Each structure stands twice: as structure tokens, then as C-alpha cells.
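> Let me give you the structure first, and then I'll get to my questions.
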Amino acid sequence: MHIIHKGRIVGVVMYYRVGKTYGLSGEITVQGSKNEALPVIAAAILNKGRTVMRNCPDISDVRIMLKILKHLGCNYKFENNILELDSDKINVSDIPKEDVTKLRSSIVLAGALLSRNNWCKISYPGGCNIGLRKIDVHIDILRKMGYEIDENEETSELICGGRVNGDNHIRLRVRSVGATENGILAAVLSDGYCVTFSNVSKEPEIVNLCKALIKMGADITGAGTDEIVVKGVKSLRDTTIDISCDRIVCGTYLAAVTAVGGEVRLLNVNKNFDKSILNELEKFGMKYKISNDEMWVSKTCKDYKSERDIIISTSAYPGFPTDMQSQMMTLLSRRKGSGIIIENIFENRFGTAKMLNKMGADIKIIGDRIALINGVDKLYGEKVEATDLRGGASLIIAGMIAENHTIIENAEFIKRGYESIERDLGKLGADIELMD
């Protein structure tokens with residue numbers, strides 16, 4: 001689909017065309033984690049040398065982050081999911097607004113640049129429109145560390161500077177993945193300074209960021225617990241880092257198998273895969289087995305006959321992830337019985353409900369935190385719009401169980417986090433195409 005202005009083609013709009021799918025089978029490799037790769041890329045700024053990342057997902061969010069790093073002075077090579085970064089000369093600390101506003105994770109560059117250059121200018125970050133997602137927790141933690149933060153509300157910019165000389169014990173007012181990452185990155189190169197961050201996020205992506213930094217030479221303990229201790233060091237060293245599987249992409253594919261049935265083998269899956277996702281999908285009749293880095297998953301019609309209500313409540317890890325909420329909404333819309341989703345992380349994450357209702361679902365939103373879903377016999381193909389990354393993926397699953405064909409516009413949202421969802425699901429037998 002072309003965008004035409006004054007008779008000229010000025011852009012191309014991508015969309016997905018999805019048809020009803022009668023079961024999935026085969027095997028695919030799950031891509032590397034978006035939410036792990038992005039902060040590790042930011043961490044590479046701290047090393048005045050070469051950092052190699054293997055299994056790095058080739059998604060638009062990563063490409064935007066690399067564009068920002070190139071502006072800062074970093075050289076890179078990215079081929080076949082291997083990313084080589086050379087951060088020897090990071091001589092710029094102001095980040096282009098047009099790039100930052102496209103990428104929520106760009107905010108962690110503040111901590112990395114402060115640690116490396118003691119100064120940065122960054123605009124308020126963008127990303128998916130799924131709530132206020134304020135950065136006040138980020139600002140609070142950096143200020144408590146001793147950095148000076150000047151907020152310019154007219155230009156929506158932050159100017160940060162100074163050196164670490166603040167509190168040695170900092171408690172996050174609310175758990176925040178990004179703020180936890182920012183604090184860690186800001187403290188790594190503060191030689192002679194030791195800080196304990198409490199009430200921190202425990203997500204696997206936080207743990208793996210800390211493992212990567214430790215491999216680079218950082219002194220960090222406590223990742224995965226309520227407290228993380230960072231002892232500043234003078235410098236980091238060159239290393240190679242393996243990015244783990246994306247648990248949300250994997251969860252999306254598990255939800256797809258659960259929706260249409262079949263038997264699938266997933267490769268590159270962590271043996272300690274997120275139990276909260278598996279536990280919820282088992283309620284829909286999904287069966288699984290994990291061995292080493294492989295998962296076998298199956299679902300047949302006879303696997304699930306219960307009509308009892310299902311209640312899903314999102315929360316910080318190890319609770320059920322908000323990034324899987326939309327996929328569960330699609331599953332609940334086509335099962336016998338009713339379900340409730342309680343969204344405790346973001347206050348504006350039910351945009352997918354409107355699109356599912358357009359396809360024939362029966363979903364009612366109460367306030368901005370609760371969704372009531374009554375299962376229907378059928379969904380019907382329609383032209384719908386992805387309004388955010390995970391919501392877009394859930395509409396692809398909806399298209400796989402709907403009658404006729406479904407058109408999902410705003411494919412660029414989905415490309416932010418899924419390397420090639422059409423390739424992966426298509427390989428398993430789904431009727432899906434990416435069109436332009």
C-alpha cells in the first residue's frame with residue numbers, strides 16, 4: 001500500500017494478510033530477546049572497545065538504537081544476527097529527538113552516557129501508546145545518585161550532567177525495568193562508589209543485562225533479588241555476549257498453537273522459561289515439555305473442555321507479563337465460558353479489544369484496568385489496525401482463528417519486536433503474508 005502526496009509516492013505502508021489456519025506443525029527457532037538486546041547495546045557504550053552480541057534480533061527497535069549509537073560515534077557491523085560494536089570513540093552525548101521519540105528503550109542511554117561521559121541530552125522517549133509510562137522514576141534514581149537533571153518541558157528534553165556522589169542506598173519508589181537498568185548503567189563506571197538499589201525489577205532481562213556487564217568486567221551482585229549492589233570500576237573489557245530467547249515472542253507462538261491446535265517444536269528456548277506464561281496457557285489445554293534449549297508444545301480439541309472462568313492478572317516478574325495480556329485476550333475471546341483480564345501495569349492497554357470486537361468478539365472494558373470477555377463461537381475476518389506491538393501480534397492470532405481473511409494494518413508496530421512473524425508462523429503452516 002503506497003502513500004501518495006501530490007501525485008508522488010512518498011512511502012509504503014505494510015500490512016498483514018492472515019487467513020484461517022487449521023493447525024500448526026513443524027519447528028522454528030525463537031529469536032533473541034528485544035528487551036535484553038536493547039539495554040545490552042546501551043551497555044556496550046561503557047566499553048571503550050569491542051563488544052560482540054550473538055543472537056541479536058534484527059528488528060526495527062534494534063535498528064533505531066543502532067542509528068542512535070552511530071550518531072554518538074559508535075561503529076557497528078550487523079549481519080546474520082551477529083552484532084559487532086566498536087565504542088572506542090563515543091564523542092557525542094546529545095541524541096537526535098526524532099530517533100528517541102520512536103524508541104522507549106532509548107531512555108537507558110541516559111545512564112550509559114552519564115557513566116561514560118558524565119553528560120547527556122536526551123528527549124522524552126517514545127514507543128507504543130500503552131499508557132503514560134512516565135520517566136519520573138528514572139529521573140529520581142539518577143538525581144539520588146548525585147547527577148544534575150534539568151527538565152525542559154517546552155522542548156521535552158532532559159539535560160543530565162555531573163558525577164556520582166550521592167546516596168549509597170537508593171530505593172525505587174515503584175518497580176521499573178527501565179529505571180533499574182538506568183541506575184545500573186549509570187553506576188558501573190563510577191570507580192570508588194558503591195550503591196545498593198532496592199525494590200528493583202527482577203525480570204530475566206535484568207538478570208541477563210547484569211550477567212553481560214559482569215562478563216565485561218563490572219562488579220554487580222544481587223540481580224534477580226530485591227536488591228542489586230553495584231561497585232563502580234574504572235573500565236570494562238571486550239567480550240562476546242549471547243542474547244537469550246525472547247520470552248514474549250515465544251509466548252506469542254505458544255498462544256498461536258493454543259489457538260489453532262497442532263504440534264510444534266521451538267528451538268532456542270531457555271530451560272527456565274517463564275512459568276507464569278506456561279501456567280496460564282495450560283488452562284486452555286496447551287501441553288508442553290522442555291528439554292535443554294528445546295520446547296515441544298501441543299494442543300488438540302480434546303485437550304480442553306472446561307468452561308470455568310479464567311482470570312488473568314498482570315504484574316511485575318515473576319507475575320504474568322503485561323506483554324502477553326493481549327494474546328490472552330484473543331484466546332479468551334474464542335473459548336467457551338468467560339474470562340477477566342486485570343491490567344496492573346499500564347492504564348491504557350486494551351486497545352486491541354476494539355479491534356477484536358470488530359471481528360465479532362464480546363469484550364467489555366471497565367475503566368482502563370479491567371476487561372470482561374465472553375467467549376463467542378466464531379470470529380470473522382475484518383480490516384483491523386495494530387495499535388501497539390503486542391496487540392498487533394494478538395490480532396495475527398485472531399486472524400488465524402477467524403473466518404475468511406483478516407487485514408492487519410500498521411504492520412510497523414509488529415516489526416518493532418518480531419523479526420519475521422510471517423516467516424515463523426508461515427513455516428509452521430499459518431496462512432499469513434506481509435504485504436505492501
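> For the chain, find the longest principal axis of its Cα atoms and tell me its angle to the long axis of helix 204-216, 0 to 90°, nearest 10.
With both axes taken from Cα atoms, the answer is about 40 degrees.
> In a shell of Cβ-Cβ distance under 10 Å around residue 192, excluding residue 192 itself, what net charge do Lys and Arg (+1) and Asp and Glu (-1) give?
Every neighbour counted, the sum reads +1.
> Counting other Cβ atoms within 10 Å, which GluC sites (Glu not before Pro) in segment 226-335 have at most 16 and lie in a DSSP loop? Working shown, then result.
Working: sites: 227, 263, 280, 282, 294, 307; in loops: 307.
Answer by residue number: 307.
> If you place +1 on the Cβ of every Lys and Arg, -1 on the Cβ of every Asp and Glu, and leave all else neutral, what size is the dipole of the chain about its Cα centre, to the nearest 20 Debye?
420
> Which residue, 272, 357, 117, has the most motion in a Gaussian network model of the chain that connects Cα atoms within less than 10 Å?
So, out of 272, 357, 117, the one fluctuating most is 272.
> With a 10 Å Cβ neighbour count serving as the proxy for reagent exposure, in which order, fewest first, do 254, 281 appear?
Working: 254 28, 281 23.
The most exposed by this proxy come first: 281, 254.
> Can you give me the C-alpha center-to-center distance between segment 372-398 and segment 51-66, rounded to a whole angstrom?
28
> Calculate one ³J(HN,Hα) per residue across segment 141-157 by plugging θ = phi - 60° into the Karplus curve 6.51 cos²θ - 1.76 cosθ + 1.60, and present them in order as whole Hz with x for glycine and proline.
5, 5, 5, 5, 6, x, 6, 8, 10, 10, 9, 10, 5, 5, 9, 6, 10
> Would you mind classifying segment 32-240 by shape? Square roots of the alpha carbon gyration tensor eigenvalues, ordered a ≥ b ≥ c; an a/c under 1.5 is rounded, otherwise it is prolate if a/b is larger than b/c and oblate if not.
Because its axes are fairly even, with a/c under 1.5, segment 32-240 counts as rounded.
> In nanometres, what is the gap between the two model label sites at residue 79 and residue 117, each 7 Å from Cα along Cα-to-Cβ?
If labels sit at residue 79 and residue 117, their model points lie 2.9 nm apart.
> Give the angle, between 0 and 90 degrees and rounded to the nearest 10, that separates the Cα long axis of helix 389-401 from the longest principal axis of the Cα atoms of the chain.
Helix 389-401 sits at roughly 20 degrees to that axis.
> Can you find, among 103, 55, 361, the residue sitting farthest towards the positive end of the charge dipole of the chain, where Lys and Arg contribute +1 and Asp and Glu -1 at Cβ?
Towards the positive end, the residue furthest out is 361.
> Can you run phi through the Karplus equation (6.51, -1.76, 1.60; θ = phi - 60°) for segment 184-199 and list ³J(HN,Hα) in whole Hz, with x for Gly and Pro?
Ordered by residue, 3J(HN,Hα) equals 4, 5, 5, 9, 4, 9, 8, 4, x, 10, 10, 9, 10, 9, 10, 6 Hz.
> Of all DSSP beta bridges located in the chain, what percent are antiparallel, nearest 5?
The antiparallel fraction comes to roughly 70 percent.
> For 149, 311, what's the fewest-to-most ordering of other Cβ within 10 Å of each Cβ?
Least to most surrounded, the residues fall as 311, 149.
> Candidates (1) 67, 50, 49; (2) 81, 61, 41; (3) 63, 55, 42; which is the computed Cα extents along the principal axes in Å?
(3)
> For segment 268-278, what does the Karplus curve 6.51 cos²θ - 1.76 cosθ + 1.60, with θ = phi - 60°, yield as ³J(HN,Hα) per residue in whole Hz, taken in order and with x for Gly and Pro?
Calculated HN-Hα couplings, in order: 6, 10, 4, 5, 9, 4, 3, 5, 5, 5, 4 Hz.
> Please compute the contact order of segment 163-215 in relative form: average sequence separation of alpha-carbon pairs under 8 Å and at least six residues apart, divided by the residue count, as a percent.
Taking the mean separation of contacting Cα pairs over the length of segment 163-215, I get 46 percent.
> Using a cut-off of 25 Å between alpha-carbon atoms, which lysines can reach residue 234, once sequence neighbours fewer than 8 places away in the same chain are excluded?
Here the lysines satisfying the reach criterion relative to residue 234 are 48, 70, 89, 121, 144, 211, 215.
> While we're looking at this one, here's another question. Give me the percent relative contact order of the chain, please, defined on Cα pairs under 8 angstrom at least 6 residues apart.
20
> Another question, then. What is the extension gain from residue 14 to residue 287, computed as 0.36 nm multiplied by their sequence separation minus the C-alpha to C-alpha distance, in nm to one decimal?
Working it through step by step, the gained length comes to 94.8 nm.
> Relative contact order, percent, of segment 324-436 when contacts are C-alpha pairs under 8 Å separated by at least 6 residues?
24
> Let me ask you something else. Please compute the net charge surrounding residue 88, taking Lys and Arg as +1 and Asp and Glu as -1 over other residues with Cβ under 12 Å from its Cβ. Don't jump to the answer; show the numbers that get you there.
Details: positive: 48, 50, 89, 116; negative: 86, 238.
With Lys, Arg at +1 and Asp, Glu at -1, the net is +2.
Values quoted throughout were computed directly from the atomic coordinates according to the rules given, and no laboratory measurement underlies them. Predicted, not measured: the structure shown is a model, and the values here were computed from it. When we count neighbours, we look across all protein chains shown, and the Cβ atoms used for this are built from the backbone with ideal geometry, even at glycine.
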